[in-house]
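Worksheet: one structure, shown below.
The values are calculated or read from the model by the stated rules, or taken from the named source; none is laboratory data. Predicted, not measured: the structure shown is a model, and the values here were computed from it. Cβ placement follows ideal geometry from the backbone for every residue including glycine, while neighbour counts extend to all protein chains displayed. Side chains included, ligands, DNA and RNA excluded: accessible areas come from the protein's heavy atoms. Shrake-Rupley method; radii C 1.70, N 1.55, O 1.52, S 1.80 Å.
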Amino acid sequence: MRFPEKDVHTWGVNISRWQARLHESSRLVFTPKSESAFVSKFADLTGITGITPKRRFEVMPYAVGRTDLQSRADNPFVPASDHRLDGGVDVKYGLTSSLTLTGTINPDFGQVEVDPAVLNLSQFETSLTEKRPFFTEGASVFRFGNGPASSRWGFNMSFPTFFYSRRIGRVPQGFIAADYADSPGETTILGAAKITGKVGKGWTVGIFDALTDEEQGWYSLGSEVGKQTVEPMTNYLVARATKEYGKDSRAGFMFTSVNRRLSDNLEPVLRNSAYFGGVDGYTLFNDKQWIVEWLAGGSMVEGSEDAIARTQRNAARYYHRPDAGHVEYDPTRTSLTGYMGRVMVAKQKGRWRPNLQVQALSPGLELNDLGFLTRTDAISTHAVLHYLNTDQTRWTREISTWVSKYQNWNFDGDLTANGVGSNLYVLLKNYWSAYMWGGGTADDRISDQSTRGGPVMLRPGYKYFGGGFGSDSRKKFSVSIEGEKLTDGFGGTSDFVWSSFTYRPTPAIRLSVTPMFSRLHEMAQYVTTIPDATYEPTYGNRYVFATLNQRTLDIGIRTEWTMSSRLSAQLYVQPFIASGAYSGFKYLTRARDDEFTPTTQTGNPDFNFRSVRGSAVVRWEFRPGSAMYVVWSENRSEVVDVGDFRPRRDFGALPNAPSQDVFLVKFSYWLPI
């Protein structure tokens with residue numbers, strides 16, 4: 001336990017017991033379900049004297065043996081099998097009674113579960129969940145813009161992530177244009193360290209720094225064989241501090257930086273440096289019934305003219321959009337700056353809880369070197385009225401419902417979203433639950449991203465509704481099923497069905513299956529842009545769209561078996577198939593309209609993606625803090641250019657698809673000093 005060195009101590013204490021059979025929590029100090037406070041309600045434990053803190057020092061070296069197997073690689077640089085040994089060390093040191101230094105040298109995260117397969121046809125990257133222990137431990141210290149708010153909603157807002165740790169150790173960003181090429185699947189983390197804890201009166205601090213190595217890939221182009229840098233040596237820094245002041249207020253700041261040592265071939269692709277700085281805070285008032293939460297910040301990125309030009313053309317901002325009146329594309333720039341801000345006022349207690357929020361992201365804001373941001377150039381507002389009744393009645397234990405109104409604009413003043421939403425959730429007395437939701441948007445909203453850098457176009461409104469139910473999760477077998485249907489003014493539809501089946505034959509074994517099926521009929525799916533200087537209605541380009549019929553089937557299978565307090569096993573398998581058939585090709589007739597002109601087919605964009613991913617991990621803690629992992633993981637997938645959806649054919653083809661298997665054994669040994 002960490003505590004300051006004092007003659008007399010007063011600690012906050014609470015005791016909780018969770019009884020799964022009754023779905024009931026008992027506490028020494030009760031927090032009403034209608035309130036969100038927890039730690040502030042702890043009881044005082046007084047009379048503690050004569051104790052001194054111990055400054056801990058822990059070292060955990062590790063060694064790992066790994067074998068990679070490739071099938072059907074058809075690449076002279078990729079061997080059918082590869083074997084290697086590696087090692088590293090983790091360190092924890094108590095700098096003071098309340099500050100801890102955590103460090104790692106050459107970390108290995110081979111025991112972490114694989115990422116699930118996804119299908120993404122948008123212009124934005126997919127956000128992945130952080131699962132690596134070094135980055136998840138103490139992550140809350142580095143969250144920016146967070147407070148004790150019961151909800152921030154955000155259904156119409158893209159909330160930026162200011163520290164997205166998956167950037168560190170990511171897949172190399174460079175591309176090798178060659179007949180054959182082989183690049184590493186991840187970037188080596190040479191070392192990382194963080195200091196977290198409390199200092200002074202009411203200060204919480206966190207400093208994080210990581211250094212990743214330069215990565216090179218082999219290539220063959222004609223008779224030329226060589227190596228090319230695909231990821232530069234990079235340093236990542238995050239500094240975060242918050243200060244509690246007054247009775248119920250907090251303010252803080254955050255600073256992040258990314259600095260790269262670029263090779264000549266990567267200077268046109270990547271930015272030299274990226275910085276973000278911001279301040280945030282909150283205040284609770286009226287007996288903590290209301291909260292005001294706020295943040296503001298700015299970013300700056302620097303690089304070559306080509307790199308900053310790519311940044312301006314990025315899907316997050318589209319500076320080169322021909323009808324944009326508020327930004328100007330400048331291919332000679334070597335830096336870009338931007339800003340953002342958000343304010344929220346919300347009620348925290350009581351049955352009726354209004355929430356008002358506004359957020360602005362300037363076009364020049366760029367966070368994706370160390371954060372995660374899908375789009376900028378947005379002013380988003382919403383108002384929510386939430387009703388929450390946690391009193392037990394004859395039939396229910398909880399009723400929650402809300403309605404919302406939202407509107408979004410870009411910095412040109414175009415209305416990009418204008419809609420309403422609603423939701424109803426009921427928890428019955430027998431712990432079954434039922435829920436439904438629905439909403440829609442007005443017609444003729446402006447879309448400044450559908451043409452992927454072209455002029456704005458009109459999108460018709462859409463409406464959606466959905467619902468589901470869940471059984472009592474305390475039982476050995478539980479199930480939940482939900483579905484949604486969406487229709488739009490173009491005549492497009494999408495249907496979604498998701499379910500979860502969980503079986504716990506004993507408290508030590510848990511089996512779950514989560515199948516998901518979706519069907520999309522999109523009438524205006526972007527395909528490509530064809531230059532045509534003679535076509536003035538869309539500024540010298542034809543923006544081609546098509547009707548897309550897409551089907552996706554995703555089945556997640558998970559098994560967890562805790563054989564003892566020191567021995568456990570986990571298995572995760574995900575078969576995944578998706579198909580897309582394009583037809584009815586057409587181009588946008590004119591800017592700021594929703595009419596199309598038929599055209600001939602452009603290539604064959606039809607696709608069929610088949611994949612199965614899985615991992616199995618056995619963990620044996622052979623002594624306290626020391627463990628052995630035995631791991632297998634597989635990634636088997638292929639893409640063929642057919643658009644029909646035939647699960648029997650696609651699942652049957654998976655055993656012959658190219659695969660990458662990894663087998664490893666990892667030992668880590670805990671040395672408390």
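Laid out as a table, the results:
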item	result
Taking the range 1-75 and dividing mean pair separation by its residue count, relative contact order in percent (alpha carbons under 8 Å, at least six apart)	37 percent
Cα-Cα P(r), the range 96-190, percent of pairs per 5 Å interval	2, 8, 14, 19, 19, 16, 11, 6, 3, 1, 1, 0
Whole-Å distance, taken between Cα centres, linking the range 516-592 and the range 346-418	26 Å
Cβ crowding within 10 Å averaged over residues, with 115-123, 18-26 ranked highest first	115-123, 18-26
Lys, Arg +1 and Asp, Glu -1 on Cβ, resulting dipole of the range 170-263 about Cα centre, debye, nearest 20	960 debye
Spin-label model distance (nm) - residue 179 vs residue 474, 7 Å beyond Cα toward Cβ	6.9 nm
Scattering profile of the range 455-539 at q = 0.21, 0.23, 0.26 Å⁻¹ [log10 I(q)/I(0), Debye over alpha-carbon scatterers]	-1.00, -1.09, -1.21
Scattering profile of the range 546-616 at q = 0.18 Å⁻¹ [log10 I(q)/I(0), Debye over alpha-carbon scatterers]	-0.81
Carbon plus sulfur fraction of accessible area for the range 526-636, probe 1.4 Å, in percent	53 percent
Cα gyration tensor, the range 1-139 - rounded (a/c under 1.5), prolate or oblate	oblate
Binned Cα-Cα distance frequencies in the range 319-424 - 10 Å width, integer %	12, 31, 26, 17, 9, 3, 1
Full-stretch length increase - residue 221, residue 118 - with 0.36 nm per residue and alpha-carbon distance subtracted	33.9 nm
Computed accessible area, residue 306, all protein chains, 1.4 angstrom probe, square angstrom	90 Å²
Net charge dipole size for the chain [Lys, Arg +1 and Asp, Glu -1 on Cβ; Debye, nearest 20]	3340 debye
CD proxy at 222 nm, helix term only [per DSSP H run n ≥ 4: -39500 (n - 2.57); per residue of the chain; nearest 500]	-500 deg cm²/dmol
Among (i) 28.5, 117; (ii) 27.1, 86; (iii) 35.4, 133, the entry derived from the coordinates for Rg and Dmax of the Cα atoms in Å	(ii)
For the chain: accessible area per residue (Å², 1.4 Å)	49 Å²
Cα coordinate range in the range 232-301, projected on the principal axes (Å, largest first)	59, 16, 13
Lys, Arg +1 and Asp, Glu -1 on Cβ, resulting dipole of the range 482-532 about Cα centre, debye, nearest 20	480 debye
Rel. contact order, % - alpha carbon contacts under 8 angstrom, at least six apart, the chain	10 percent
Sparsely packed GluC sites (Glu not before Pro) within the range 551-648, loop by DSSP, other Cβ within 10 Å at most 12	595
Extension gain, residue 310 back to residue 125 (0.36 nm per residue minus Cα-Cα distance, nm)	65.0 nm
Local net charge near residue 72, Cβ-Cβ under 13 Å (Lys/Arg +1, Asp/Glu -1)	-2
Cα centroid of the range 8-84 to Cα centroid of the range 644-673, whole Å	27 Å
Charge tally in the Cβ shell below 12 Å around residue 96, where Lys, Arg are +1 and Asp, Glu are -1, residue 96 excluded	+4
The range 160-304 shape via C-alpha gyration tensor axes, a/c threshold 1.5	prolate
Relative contact order %, the range 251-292, counting alpha carbon pairs below 8 Å whose residues are six or more apart	43 percent
Listed residues 523, 135, 262: farthest to the positive end of the dipole of the chain (Cβ charges)	135
Two-site FRET efficiency, residue 27 against residue 136, from Cβ-Cβ distance with R₀ of 22 Å, rounded to 0.05	0.25
Residues of the range 286-315 with amide N under 19 Å of the 7 Å Cα→Cβ point at residue 265	304, 306-307
Reference-scaled alpha-carbon Rg (2.2 N^0.38 Å with N residues) for the range 147-221	1.72
Probe 1.4 Å, all protein chains present, accessible-area order of 432, 670, largest first	432, 670
Karplus (6.51, -1.76, 1.60) ³J(HN,Hα), θ = phi - 60°, over the range 409-417, in Hz, Gly and Pro reported as x	9, 9, 6, 7, x, 6, 7, 9, 7
Distant-in-sequence amide H partners of residue 216 (H built 1.01 Å from N, under 5 Å)	230
